[in-house]
Amino acid sequence: MNLRENVRLAPYTTLQLGGPARYFVECASESEVRAALAHARERGLAVFVLGGGSNVVFGDAGFPGVVLRVAIGGIAFRGGDGGGAPEIEAGAGADWDTLVRGAVERGWTGVECLSGIPGTVGGTPIQNVGAYGQEVAETLVRVTCLDRATLERRTFSAAECEFGYRDSRFKRRDRGRYVVLDVTLRLERDTPPRVRYPELRDAIARAGSLDAAAPAGAVRLVRQMVLALRRAKSMVLDPADPNARSAGSFFMNPVLTAAAFAELERHWQRAGGTSAIPSFPAGAAVKVPAAWLVEHAGFSKGYRRGGAGVSARHALALVNLGGTSAELLELAQAIQVGVEQRFGVRLECEPEVVR
């Protein structure tokens, strides 16, 4: 176990923000994760588990305990030539988009709309990562974890993960209890991709028709269009793009009851709004684009406050413009207050804030 001291955390995050970790260790195996957790427990040190750093904001003071970066790699693609549905088993530290690319290259469907999402495999079941109408919950078979209290392995089925919109048991009642070791997904073969998201559907229609393509070609076209849409919003990692120095979408889309959505419409009309509020069905509830709320509360694309700002390409992404974590979080709070005052809706932050 290579335990290092006073390691800057900024280079390990997509925001490029954060002070030093008192201790930092990268674990490439289950045994190394277990040893690091035991070491921290013996010394009474707090532990933060880090993956790809794409959904976290470290404070400027850093972290006073052990930052454990999970680096368990390996991606196995199985079942592509025989009967049954193909499966992918991947270590928690494997790059997520490498997994997606491998599935698409084989013509497998189920994760193509999740192309270009930064980060590692281990974070996907915790967040129930989703984009363009697709979620990890739809394909996940099981996730293997290490219990931080007992140091024992435990495997959860998809049903046991208690998935919801950008949510799982690992974010709620078991928050901080488990370290993800590996994930298994079950995809489909020779099946046309399902395109549910209007923006993606429109982009595909402009490029050509999915109906005219074989399933393998269709899934490749979906990935291509998703990557193009994400690049246009600076939602893929690109060191040359200042708008990409973000944590992706900083706020979750509010899911409102019918009554709460009606109240939102009244807020909008009383403020002089005449256009319809964009919305999407979410079961019996209504999902409202957080980006629309942010912009109509006065925080337009390119808005800047000190060393932080709203991306010039996407109103949901807060970007580091050479500032500090404190400045970024102050901007996030200002946006939350502004949206709540204007619309009566409190936006929930998507990244984990660690101070």
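Rule-based calculations on the coordinates, nothing more; no lab input. All figures in this text were calculated on a predicted structure; none of them were measured in a lab. Glycine gets a Cβ as well: all are built from the backbone with ideal geometry, and neighbour counts include every protein chain shown.
For region 1-51, the square roots of the Cα gyration tensor eigenvalues, ordered a ≥ b ≥ c, give a/c of at least 1.5 with a/b greater than b/c, which places it in the prolate category. Sites listed here are chymotrypsin sites (Phe, Trp or Tyr not before Pro) in region 137-167 whose DSSP assignment is loop and whose Cβ has at most 16 other Cβ atoms within 10 Å: TYR165.
Here the chain is treated with +1 on each Lys and Arg Cβ and -1 on each Asp and Glu Cβ, and its dipole about the Cα centre works out to around 500 debye. For the chain, what does the alpha-carbon gyration tensor say about shape, rounded, prolate or oblate, given a ≥ b ≥ c as the root eigenvalues, a/c under 1.5 as rounded, and a/b over b/c as prolate? Here the chain falls in the oblate category.
Each Lys and Arg adds +1 at its Cβ and each Asp and Glu adds -1 at its Cβ; summed about the Cα centre, region 75-232 shows a dipole of about 420 debye. Considering only the other residues whose Cβ falls under 10 Å of the Cβ of ALA76, what net charge follows from Lys and Arg at +1 and Asp and Glu at -1? Once positives and negatives cancel, what remains is -2.
What is the sum of charges, Lys and Arg at +1 and Asp and Glu at -1, for the other residues whose Cβ falls under 13 Å from the Cβ of GLY273? Here the count lands on +1. Count Lys and Arg as plus one, Asp and Glu as minus one, and take only other residues whose Cβ is under 11 Å from that of VAL49; the net charge is then +2. Taken as Cα centroids, region 118-176 and region 291-355 sit 27 Å apart, rounded to the nearest whole angstrom. In percent, rounded to a whole number, the relative contact order of region 242-354 is 33, using alpha-carbon pairs under 8 Å and six or more apart. Tell me which of ALA276, GLY93, VAL47 sits at the most positive position along the dipole axis of the chain, charges placed on C-beta atoms (Lys, Arg +1; Asp, Glu -1). In the chain, that residue is ALA276. Our coupling estimate for region 59-68, obtained by passing each phi through the Karplus curve with A = 6.51, B = -1.76, C = 1.60 and θ = phi - 60°, is x, 5, 7, x, 10, x, x, 9, 8, 9 Hz, Gly and Pro reported as x.
Proximity of backbone amide H atoms, modeled 1.01 Å from N, is registered between GLU348 and MET252 at under 5 Å, excluding neighbours fewer than 5 places apart on the same chain. Our summary gives the chain a relative contact order of 16 percent, counting only alpha carbon pairs under 8 angstrom and 6 or more residues apart. Distances between placed amide hydrogens fall under 5 Å for GLY74 paired with GLY91, all partners being 5 or more residues away or on another chain. Would you please classify the overall shape of region 218-355 from the alpha carbon gyration tensor, given that a ≥ b ≥ c denote the square roots of the eigenvalues, rounded means a/c under 1.5, and beyond that prolate means a/b larger than b/c while oblate covers the rest? Here region 218-355 falls in the oblate category.
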